[in-house]
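The values are calculated or read from the model by the stated rules, or taken from the named source; none is laboratory data. Worth saying up front: this structure is predicted, and the values here are computed from it rather than measured. Positions of Cβ are backbone-derived with ideal geometry, glycine not excepted, and every protein chain shown enters the neighbour counts. Quick note on the areas: whole protein, heavy atoms, side chains included, nothing else; ligands and nucleic acids left out. Shrake-Rupley method; radii C 1.70, N 1.55, O 1.52, S 1.80 Å.
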Number of protein chains: 2
Amino acid sequence: MCRMADSPRKRLIVIGAGFAGLNLVKGLRGLPLDIILVDKHNYHCFQPLLYQVATAGLSPADIAYPIRRVFRDQKNVRVVLGEVERIDLANKTVSGGEASVSYDYLAICVGVTHSYFGNEKWQPMAPGLKSIDDATEIRRKVLLAFEAAELEQDEASRRAKLTFVVVGGGPTGVEMAGALREIAAVDIQRDFRNIDTTTSRIMLLQGGDRLLPSMDPKLSARALKDLQDMGVEVRLNCRVTGVDETGVWVGDEQLPADNIIWAAGVQAPAMLRTLGVPTDRSGRIVVGPDLSIPGHPEVFVLGDAGAITDAKTNQPVPGLAPAAMQMGKFAAKVLRAELSGQSADVKARPGFSYHDKGTMATIGKRRAVADIKGWHITGLVAWLMWSVVHVMFLISFRTKLFVMAGWVYDYIMNNREARLITGKFRLHVVKPRGGATETTLLQTRGTSEQAAV
Amino acid sequence: MCRMADSPRKRLIVIGAGFAGLNLVKGLRGLPLDIILVDKHNYHCFQPLLYQVATAGLSPADIAYPIRRVFRDQKNVRVVLGEVERIDLANKTVSGGEASVSYDYLAICVGVTHSYFGNEKWQPMAPGLKSIDDATEIRRKVLLAFEAAELEQDEASRRAKLTFVVVGGGPTGVEMAGALREIAAVDIQRDFRNIDTTTSRIMLLQGGDRLLPSMDPKLSARALKDLQDMGVEVRLNCRVTGVDETGVWVGDEQLPADNIIWAAGVQAPAMLRTLGVPTDRSGRIVVGPDLSIPGHPEVFVLGDAGAITDAKTNQPVPGLAPAAMQMGKFAAKVLRAELSGQSADVKARPGFSYHDKGTMATIGKRRAVADIKGWHITGLVAWLMWSVVHVMFLISFRTKLFVMAGWVYDYIMNNREARLITGKFRLHVVKPRGGATETTLLQTRGTSEQAAV
């Protein structure tokens, strides 16, 4: 391959339009650069609110925004819907399907998925929550569980249908468990006739000895207490040893559950192995202080896909949305300086340091925990802060406005706006026992009414 | 089967929670009746706005509402998520899967689907628009078409990807064609680099000699003119004779198009054939003036699934949402009178007559046609009326408020809130020609920039 004389602009390929990729490209506005932004979806997804889609609180469109629209007026960007399958560092090309494209600079911003710790076969029974499609799939499963329980005759089977096990006690796990409990205990409790949804069992299993391990232990304790007050069963130091159609195994104990949600572990996409460079045990690429791959100053790894050590603290940079945003902005600054000729020496690049403005996790209505530069905030105040911060970061003014107004409305009305079971499904029809086929539909709770048999 | 002595309440089974079923059940509030409402979805769908979901203007949750929530406080209703597969009029049972339930009264409110006039094999290439899942499927296809065109090298293939053929010139077809034209000509035109979306070809094929045949010919003419002014190609007296992967056939002429949307014909669900009673040629059940099946006063057919003659005008009742609502209310009144003992003689039942408050169809921004008791209203005034009426009938106050506010916002901003390609898809990767594999991604429009080969 050779570069033609009338193509003077250097080309940057950015893989992934998450927080890192989006902020990198935004930071390069106006530069004489040919930017190709590749993503396998046509939208940027605001991942911190995915759990709200999974629990029917928000619609997908509330937290997803078309990438093309973001860069509509930034003329140095071309957006491509597609999937990169291989990266060739030596020849400076990325390829997918039959197409192959060369780059001068590359930014790998592909994020991570959950890890089943080598037990990928658990995945169908215990879906993770990393994409919009994951979220609508979990929403379908959760809503169908209540429908199936309403029709179920057998008490043990009904209990299993009303048991929800969330694996992983990080922010996603805590938020999922809290939201599931609110659905069951408040939002839908008057909607069923045969089941009492408030008796649903919501379990949160955490491998470590506390929830939210990235936060201060005091906040971990508060999150535990809040969840327990709401009625979530939390188990600490609890390692899942098996998952099958009937439930979760923890050592010798089986927890019968039809609904398992996986929110544990971290694993980089397999595609990164095509690079042939050192990774950590989660498959994340080890990068230097300037966020580039050692020996390849033209290749940045930004966001969760990189194993990044903070240049100031020497601690690993956490896998959080604000960190990814900061990395995107950092790399944009580096590139801008080099392309404008201010600083052509790649050895003189600054090192990246994460500026921690605070971390927070929501647990339920009026319940959240926040750690803002050492200040610990809990309860209603933390919850209000969480709401404001998350709405502020939503990408468009429209969604900011509508999501905020919707939350206020739903808060007052105990409503869930998006209780739709979409896509194909088949409701598990209960096998009749004896001659009583009719009772499938007709058993009612708390009345003396008999089915007509 | 026999009825047990301690089950004094009569049972009504309602199949389908569309406009007819919903209004029937609402009208029976407080009656000592055991109502089972069966639907294959967990939500009521506001069908008149489905085309807005298909064209990325609204989210599914904006027009769908959980059935259980509607009847949360109406204690004589049990909602069942399930599909009825057979109806046995003689034994008074409905069944599905392994379950079978007996009834005293039955209301069949299952609606209709589109008809391919015996060419069901056209369906995969030309999906219809009758459900939320249809709508998100069409949305995916439409949005992917622009993405694929952006990557396409071959001019003819690119033209086909940017050609949208809507078959059927009733309200759905007119609304779809107008909305597609607005997407291509206004909403996304600045988002692409290789294609000019304003050159997209939107065709509307109508078998009859005018659009909107259920409305006054003057309004048909106005709808035609409006669509043509917007840039939609309308063909009247145009019968589709074939559909395949490459486009639509009209006699000997082929219209190359990758995007075909079917909005023609009417066909009742096949399940109705299990009844063994007379139907019209669309499979709709012929009912008497009281909307019950002749010889079966206990079985009502309400909404589009019935072939119903107006008791006053002797004209067929049109398949419109307001007619279905009125039929639901009518049947509720009849049942209420009989169950309260006021009027036990089924022969004395009144006849149903449709009260036409007006019909309207929207065409585009500031363009609609309305026929209100002989008054013909067009343009901006009709469009505002259409907006107000449709928002008024949305089921919840929350969606009313949010959909209206969203429309105002999107109207001003030329925005489409739900431009998401969800679910599984595979983008058709363009085969490279010659050695120029790179150009797949890199061809740009209107610049002298060359690809690096």
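Principal-axis analysis of the Cα atoms of chain A puts helix A:397-413 at an angle of about 20° to the longest axis.
Across identical copies of the chain, A:A270 has label-point separations of 3.8 nm, listed in ascending order, with the point defined 7 angstrom from Cα along Cα→Cβ.
Once you have a ≥ b ≥ c as the square roots of the Cα gyration tensor eigenvalues for the range B:28-149, tell me rounded if a/c is under 1.5, and otherwise prolate or oblate according to whether a/b is larger than b/c. It comes out oblate by the Cα gyration axes.
Using only side-chain charges placed at the Cβ, +1 for Lys and Arg and -1 for Asp and Glu, the dipole size of the protein assembly as shown relative to its Cα centre rounds to 1520 debye. For the range A:120-262, the fraction of 1.4 Å probe accessible surface lying on carbon and sulfur atoms is 49 percent.
Between A:S282 and A:M392, the C-beta separation translates, for a Förster distance of 41 Å, into a calculated FRET efficiency of about 0.85. About the centre of its Cα atoms, the range A:285-372 shows a dipole size close to 460 debye [charges on the beta carbon of Lys, Arg (+1) and Asp, Glu (-1) only; nearest 20 debye]. For A:E245, inter-copy separations between label points set 7 Å beyond Cα along the Cβ vector come to 3.6 nm, shortest first. Our helix-only sum for the protein assembly as shown, with -39,500 (n - 2.57) per DSSP H run of n ≥ 4 divided by its residues, gives a mean residue ellipticity at 222 nm of -8500 deg cm²/dmol. With a 10 Å cut-off around each Cβ of B:399-406, the average count of Cβ atoms from other chains is 2. Report, in degrees rounded to the nearest 10, the 0 to 90 angle that the Cα long axis of helix B:379-393 makes with the longest principal axis of chain B. It works out to around 50 degrees.
So if I take the centroid of the Cα atoms in the range A:26-63 and the same for the range B:293-346, what is the distance between those two points in Å? Rounded to whole Å, the Cα centres lie 50 Å apart. Straight-line cross-link reach from B:K373 at under 16 Å between alpha-carbon atoms covers these lysines, not counting any fewer than eight positions away in the same chain: B:K218, B:K357. In this assembly of identical copies, the label point of B:P350 (Cα plus 7 Å along Cα-to-Cβ) is separated from its counterparts by 7.9 nm, sorted shortest first. Close amide-amide hydrogen proximity is noted between B:S343 and B:E338, each under 5 Å apart and 5 or more residues distant or on a separate chain (H modeled in the peptide plane; Pro and chain starts excluded). Its Kirkwood hydrodynamic radius, worked out from the mean inverse distance over all distinct Cα pairs, puts the range A:120-262 at 15.4 Å.
Under a 1.4 Å probe, what is the accessible area of the range A:120-262 per residue, stated in Å²? The answer is 36 Å² per residue. Tell me, Kirkwood radius of the range A:310-398 from alpha-carbon pair distances, in Å? Value: 15.4 Å, from the Cα pair sum. Working ranking of peptides A:289-300, B:300-311 by packing, defined as the average number of other Cβ atoms within 10 Å per residue, highest first, is B:300-311, A:289-300. The B and A chains share an interface that buries close to 7500 Å² of accessible area, total over both sides, probe 1.4 Å. When the square roots of the Cα gyration tensor eigenvalues are ordered a ≥ b ≥ c, the ratio a/c for the protein assembly as shown is 1.5 or more and a/b does not exceed b/c, which makes its shape oblate. Projecting the Cα atoms of A:M215, A:S200, A:S157 onto the charge dipole of the range A:120-262, computed from C-beta unit charges around the Cα centre, puts A:M215 farthest toward the positive end. Computed from backbone phi, the HN-Hα couplings of the range A:178-193 come to x, 5, 4, 5, 5, 4, 5, 8, 10, 5, 10, 5, 8, 8, 10, 10 Hz, rounded to whole numbers (Karplus: 6.51 cos²θ - 1.76 cosθ + 1.60, θ = phi - 60°; Gly and Pro given as x).
The phi torsions of the range B:158-175, fed into the Karplus equation with coefficients 6.51, -1.76 and 1.60 and a -60° offset, translate into couplings of 5, 4, 4, 5, 9, 10, 10, 10, 9, 9, x, x, x, x, 4, x, 5, 5 Hz, rounded to whole numbers, with Gly and Pro shown as x. What's the long-distance tail for chain A, i.e. % of Cα pairs beyond 32 Å? When all Cα pairs of chain A are counted, 44 percent exceed 32 Å.
Calculated translational diffusion coefficient of the range B:94-179 (20 °C, 1.002 mPa s; Stokes-Einstein with Kirkwood radius over alpha-carbon pairs) equals 132 µm²/s.
By Cβ position, the chain B residue that hugs the axis carrying B onto A most closely, with its distance in whole Å, is B:S59, 2.
Taking a ≥ b ≥ c as the square roots of the eigenvalues of the Cα gyration tensor, the range A:290-329 is oblate, since a/c reaches 1.5 or more and a/b is not larger than b/c. For the range B:88-137, a drop of 20 Å² or more in accessible area on going from the chain alone to the assembled protein chains (1.4 Å probe) is found at B:E98, B:A99, B:S100, B:V101, B:D133. Averaged over the residues of peptide A:138-147, the number of Cβ atoms from other protein chains lying within 10 Å of each residue's Cβ is 2.
Each Lys and Arg adds +1 at its Cβ and each Asp and Glu adds -1 at its Cβ; summed about the Cα centre, the range A:120-262 shows a dipole of about 360 debye.
Distance from the alpha carbon centroid of the range B:167-181 to that of the range B:66-113 works out to 33 angstrom. For the range B:261-410, place one equal point scatterer on every Cα, skip the solvent, and apply the Debye formula. What is log10 of I(q)/I(0) at q = 0.13, 0.15, 0.16, 0.18 Å⁻¹? Summing over Cα pairs of the range B:261-410 leads to -0.77, -0.94, -1.01, -1.12. Each residue of the range B:220-229 was assigned a 3J(HN,Hα) from its phi angle through the Karplus expression (A = 6.51, B = -1.76, C = 1.60, θ = phi - 60°), giving 4, 5, 5, 4, 4, 5, 4, 4, 5, 4 Hz with x at Gly and Pro.
Inter-chain Cβ neighbour count for B:70-81, averaged per residue, equals 4 (cutoff 10 Å, partner chain atoms only).
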